[in-house]
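Worksheet: the structure to be examined is printed underneath.
A short reminder: the numbers here are calculations on the coordinates, not readings from a lab. Keep in mind the model is a prediction, meaning the values are calculated, not measured. Note that each Cβ is placed from the backbone with ideal geometry, even for glycine, and that neighbours are counted across all protein chains shown.
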């Protein structure tokens, strides 16, 4: 059984159908890339999975649980987390705090624990801090040491993308949705990110669904590629199958283009 | 803070690595049925029941005669058209700057209060009753001039430096400005409640279509309508109106297209001020009282009206104003008096504010507002 | 660009307008009743002189470079000359405008409209001379003061600082006279060397000047204290910590003996400050931590007071007559639930709507308390009388010097709660929510739950303040609970710095304490609050004692600048479009 199962998913804004009867499966431990021209509905798909938009129709099942109609925070608690195309950190919280916020849904202590300094709350706080550091160490020296206490807004662009991934990891998700993880990065950073995505699966056991425009990245990371156009799936398969597909080429380059 | 975190850090070895611990998500009832939906339905049911039973009891008891209801409705429309004029100021500014000009009620007060002194002088000179039409026009001009000046100064001094600040900041500024204006006018004109002189030509009633209507109320309704129609044509037909719509759509693009954004914003405040000044005189005609705090309640009510209509929408502000005025005049008697609540008119403000809360819960975009999807 | 001279003229006229406003609004007349230096200078004239000095400095700035560490040479000399000329010009105008107003007020009776522009004002302004002579004197005074101010403004930074401190110290010492005199007297010392008949004596003025000069000379330019203490145990850190502990102990001892020191009247003032500090702490959780602008905060204060009265007063309809301590938990619980009821319907609203809706809730509460409908329970306009004082054994906490201790303890507890929450899971959830609500929710934070929590907690804290208020005055009336209470609490939070706990205390001290000390200000309290809110938001949105983190958030401009600097030094990584994260969050 697939970890994520999408059936007949539909969403329209006004007259515009952004996602049109989409079926999609992601198996546990798989890295699936979603490609498609601008406006194909990729980010909308992410927003539907994470509950930002309510779906108009169809079903999204995650590990046997129906997600449509649930709030985003509940969906995160089930084990799905994401990053954003335009990087949305909590800019004035420190690097460490950003990751600690990610742990929120896996921790319990409340007002009373914090105010009275109950042992359980103190232990939890210490644990969360250690876990956050542990997660940040996954990125090598990039986000470690003195960076822990820097506010997120001073980070470089590439580091913000990394921190966003760290925050998503911290939610204890099984499925990570990465929205254009290398946008705005230079070639060296891009190569690093490709490696990182692989390690996320191999070392940390995440299942990944990745939106990406950079075809070298798609080629480098994906087990399987899904191409969208006008909210419909136009091709699916390995990178070479999809990249050679006529409809995909047509969607990107327009009609009558020769490959 | 720093010390406490330092002690906890070294307390425990790192715990188990985080991923994959999503094992059994524990979801309460709250996750399955969103809280807001429960609230919304509960409220809707309570509302319908409350309105139905209150109205039924009142009507069954027959406390008020049809003529009384009719008078209440006419009064409500007159009051509502004043709200509508003020509401337009909120809506225009919101449409362009996306801020609530909290001090707009004070802009309204400034005009009505200042014109009072002219009215009293004209009354003492006998001019007010010799040339009532001219006198009212002069009063309107004075009130509109004063309110416009206050509105434009407000924009220049308090709001312009904050045009790109985070949202909370201009809002707090506006609250401060509102307070500052209220108490400045108290310092300038004193804290007494002044009674507007009576204009003999405007006392009594006219019979229009078989319905006797107080003359002041008729004038208020007609004048407000004329101003609103004028505004509508200004916005839809003139170059400046077009510029205003462009700036409302996208300020940056508009300025790239060669529109002087500052001028448009100042004009917007000026128009809002003019309408508020006119509303100040109309208010004085109906209620015949001015006071330095007179802007506070009408200000919030007009904001309510703007929200009911859908803030940012001009027609919405007009309709919302009328609706609110009407509800406020009729509802206390219709809903509460039958339920045996004494002095229901004391609670008319509670009803107005409840309407605001209810509209925001049920339909936050208002009647004519667009429901923009949240961007991500 | 408008020529510098035109701008100087404009600035002179603007200040002239401000002076006329100051006169017409009646502040001048009120303020002349209060001496700064007895028999020499009143507060009214001090403010006038201050405005003229501002005109001079402001006009001089049209020519002076922005950060003026003026370079030597002929150019600087010429520039100084122009600066002083501009200052004089502006001063002339800033004096001429009110002079004309004086002549006008003397010629025509403006009083039917401007109630403060009567003969009293004319006499006060002309110092009992003829109006023409008074007007001339005004122009002359303005000219001289503005010119001197212009000269000082062109001087090196050191001189400017010393002059500022010296004059500021005189005004400050004069303003705190009611407090300082009582304290000095209660220590058994004479006060005549400093104060005479409500103002500084001549010797006192000299002392103040010397003190100010000393502070100005000694104080180094902005010592940045942003360094974060990461727990390193260097000797300096240990020393600093030792100093902090000593300071805390001294502060605690001072707090303990304060009521004896300042006497009953000032103890009452301190009590009121404490009540507003508690409210500020609660509101700071709602506004500062969770980012929800709440304008109906008075409703919770009122519910706290009313429930206390209902439960404890023998005159109340409920007739339970509980003791204060037994009632307090019920009061907090009931108010927190009320907080949930207010919070629940507005969960989905954006910040500005929220402000208005909460304001509406505050008004609803007041109108209901006043209404005939609820009169049987709440007593209508008469309120509920005979709220008993809290007692412990034989101690009755009724008079201000005793109740003070209860209030201080309540302050400490609420401050402790707020402080503990700041760096906790809950506090982080609030911060995340404030910074980007949508992302916070996608990261697994239940927005509804945490908003409601903030509302409930804020309400609970306000109710403690309300309960203490009820026992402090021994009764509750609806008129004590108008919107101005909400506004005052908000001002307290904002003056100190949104989200800053220390700031709340400073805010309460300045905004609640000062007006109570300066009766002259009483009438203009709200006016000054309003002006202050506007001024702070424009000039220093992070408040006087900012929360370090919050400061960055509000000072968007500075932040972007910092980022540019950062980028220049950190050339390895490309950093495009920094602002997008923030602007997108707002949409």
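For the pair residue C:157 and residue B:288, label points projected 7 Å from Cα toward Cβ lie 6.6 nm apart. What the Cα atoms of chain C give is an Rg and a Dmax of 27.0, 85 Å.
Just to check, using Stokes-Einstein with a Kirkwood Rh over alpha carbon pairs, what's the diffusion coefficient of segment C:318-385 at 10 °C and 1.306 mPa s in µm²/s? Diffusion coefficient, whole number: 113 µm²/s. Most simply put, chain A has about 55% antiparallel DSSP beta bridges, counting only bridges with both residues inside it.
DSSP beta bridges confined to chain C are antiparallel in about 90 percent of cases. Kirkwood analysis of segment B:104-294, using all unique Cα-Cα pairs, places the hydrodynamic radius at 18.2 Å. Overall form of chain B: oblate. Here a/c, set by the Cα gyration tensor axes a ≥ b ≥ c, is 1.5 or more, and a/b is not larger than b/c. Based on the alpha-carbon gyration tensor of segment B:299-369 and its eigenvalue square roots a ≥ b ≥ c, which shape applies: rounded if a/c is under 1.5, prolate if not and a/b is larger than b/c, or oblate? Judged from the Cα gyration tensor, segment B:299-369 comes out prolate (a/c at least 1.5, a/b above b/c). Helix C:556-569 and the longest principal axis of the Cα set of chain C meet at an angle near 80°.
Computed from the Kirkwood radius of its Cα pairs, the Stokes-Einstein diffusion coefficient for segment A:60-169 at 4 °C and 1.567 mPa s stands at 86 µm²/s.
Ranked by how many other Cβ atoms sit within 10 Å of their own Cβ, fewest first, the residues A:82, C:420, B:160 fall in the order B:160, C:420, A:82.
Per residue, the average separation of C-alpha pairs within less than 8 Å and at least 6 apart gives segment B:104-294 a relative contact order of 43 percent.
Rounded to the nearest 10 degrees, what's the angle between the helix B:348-362 long axis and the longest principal axis of chain B, both from Cα atoms, 0 to 90? Helix B:348-362 sits at roughly 40 degrees to that axis. Looking at the calculated P(r) for segment C:82-204, what percent of the C-alpha pair distances fall above 22 Å? Everything past 22 Å amounts to 59 percent. Taking the number of Cβ atoms within 10 Å of each Cβ as an exposure proxy, the fewest-first ranking of A:109, C:491 is A:109, C:491. Taking every C-alpha pair closer than 8 Å and separated by at least 6 residues, the mean separation divided by the residue count of chain A gives a relative contact order of 27 percent. Among C:325, B:69, sorting on how many other beta-carbon atoms sit within 10 Å of each Cβ, with the fewest leading, yields C:325, B:69. Let me make sure I get this right: for segment C:349-483, a, b and c are the square roots of the gyration tensor eigenvalues over alpha carbons, sorted descending. Under 1.5 in a/c it's rounded, otherwise prolate if a/b > b/c, else oblate. Which is it? The shape class here is oblate. Along its three principal directions, the equivalent ellipsoid of the protein assembly as shown from the Cα gyration tensor extends over semi-axes of 51, 40, 34 Å, largest first.
The ratio of the alpha-carbon radius of gyration of chain A to the globular-protein estimate 2.2 N^0.38 Å is 1.05.
Beta bridges per DSSP, both residues in the protein assembly as shown: antiparallel share near 65 percent. Counting Cβ atoms of other protein chains within 10 Å of each residue's Cβ and taking the mean over peptide B:356-365 gives 4.
Principal-axis analysis of the Cα atoms of chain C puts helix C:43-60 at an angle of about 60° to the longest axis.
Each principal axis of the Cα atoms in segment A:18-89 has its own extent, and those three values, largest first, are 32, 31, 28 angstrom. Short-range pairs are left out: with C-alpha atoms under 8 Å and at least six residues apart, the relative contact order of chain B is 32 percent.
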